[in-house]
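Trainee: Sharing a structure with you now.
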Amino acid sequence: MGIFDFLSGEFIDVIHWVDDTRDTMVWRFEREAHEIKYGAKLTVREGQAAVFIHEGQLADVFTPGLYMLETNNMPILTTLQHWDHGFKSPFKSEIYYVNTTRFNDLKWGTKNPIILRDPEFGPVRIRAFGTYSVKVTDPAKFLTEIVGTDGEFTMDEISYQIRNIIVQEFSRVVAASRIPVLDMAANTRDLGKLVAAEISGTLESYGISMPELYIENISLPPAVEEVLDKRTSMGIVGDLGKFTQFSAAEAMTAAAKTPGSDMGSGIGMGMGMAMAQQMAQSGPWGAIPQQPTATIAPPPPPPPVEKVWHVTSSGETTGPFSKASLGRMVTEGNLKRETYVWTAGQDGWLKAEDIGELAQLFTVMPPPPPPGS
């Protein structure tokens with residue numbers, strides 16, 4: 001070390017850090033041989049914290065403000081150095097500046113699909129992505145647990161670990177919520193709060209917190225989304241017959257506009273004939289009255305299907321019999337009022353007298369002959 005370097009180290013007694021990188025979390029103040037002059041001025045700006053490490057031990061943490069590095073504001077380091085009021089020589093320590101502002105717009109996402117049970121679709125796979133922000137809340141713990149002796153620690157060095165924690169907790173929270181996939185879009189805010197709350201315990205042990213976590217999108221596999229699109233289209237179509245007619249008309253119009261197409265020529269001729277017929281039906285003075293066309297009588301309806309009946313007697317079932325046949329059986333005494341009958345569409349066996357169509361068969365029977373005849 002030259003004489004000018006030595007003098008520069010002795011007279012420069014202002015310690016500060018201005019960051020313009022937007023991704024540096026920790027920066028170590030470099031001095032020749034790590035010699036910090038006793039009585040030096042330490043500037044800690046808003047959004048920063050300064051951590052003193054002396055001989056491998058964490059000595060002091062300074063919050064925003066201007067400090068004189070003397071015994072009255074460095075009690076821990078003074079105890080380690082055994083300073084008295086007359087000791088003025090430099091001391092060898094390391095000063096780490098920690099950025100305590102928020103690091104925003106950090107990305108996270110599921111590298112692989114998450115499998116869960118949906119109450120409507122059954123087992124499904126979903127993907128999700130979003131953004132989050134982190135902030136150092138305990139500079140001393142963050143330095144000892146994460147940074148170590150790294151002279152310049154950036155957000156990229158810890159973002160991968162944080163993303164893994166987010167994905168793990170997101171998978172567990174979504175699977176336990178039992179929210180249908182189609183309803184997740186309406187609950188992304190609550191899901192984000194739940195995931196952030198579950199992650200807070202792990203991040204606290206690192207000395208950092210997660211003020212915000214956003215779920216921007218939750219998506220299904222492309223094949224499932226295609227089926228959902230078809231289902232949505234069917235709901236929008238409504239009347240399938242009218243939709244088919246509309247689609248056919250659009251196809252005909254597109255074909256008619258295609259030059260040199262046989263199909264287009266045929267369709268054009270057909271459309272021309274239809275227009276000519278329409279013009280023939282209306283003259284310059286209004287519509288020409290048309291001759292009434294002969295009305296074609298509709299075909300007669302088919303004859304009604306005659307009911308047939310089954311009869312049970314003495315444990316045996318006979319039939320089927322027409323109503324006329326049952327009338328003859330009544331006349332011959334083979335069908336009585338209490339005889340059980342059944343026909344198609346009837347709820348079980350019923351007595352003949354309980355069926356309106358058959359009860360009249362017993363009322364038209366001739367009375368018994370007069371005595372002595």
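Trainee: Go through segment 156-256 and tell me which helices (runs of 4 or more DSSP H), entirely inside it, have 3 or more residues that are at pLDDT 90 or above. Lay out the reasoning, then the answer.
Mentor: Working: elements: 156-177, 188-204, 222-237, 240-256.
Once the helices (runs of 4 or more DSSP H) in segment 156-256 are filtered for at least 3 residues that are at pLDDT 90 or above, what remains is 156-177, 188-204.
Trainee: Restricted to segment 25-46, and to residues that are more than 14 Å from Tyr96 (Cα to Cα) and at pLDDT 85 or above, which residue is surrounded by the most Cβ atoms within 10 Å (Cβ to Cβ)?
Mentor: It comes out as Lys41.
Trainee: For the list (1) within 30 Å of Glu250 (Cβ to Cβ); (2) surrounded by 10 or more Cβ atoms within 10 Å (Cβ to Cβ); (3) at pLDDT 60 or above, I need the number of the one condition that Met275 fails.
Mentor: It fails just one condition, (3).
Trainee: For segment 81-109, what are the residues that are at pLDDT 90 or above and either assigned to a strand (DSSP E or B) or farther than 24 Å from Ala50 by Cα (or both)?
Mentor: Hits for segment 81-109 are Tyr96, Tyr97, Val98, Asn99, Phe103, Asn104, Asp105, Leu106, Lys107, Trp108, Gly109.
The values are calculated or read from the model by the stated rules, or taken from the named source; none is laboratory data. Predicted model, so just to flag it, every value in this text is computed and none were measured. In this analysis, Cβ positions are derived from the backbone assuming ideal geometry, glycine residues included, and neighbour counts consider all displayed protein chains.
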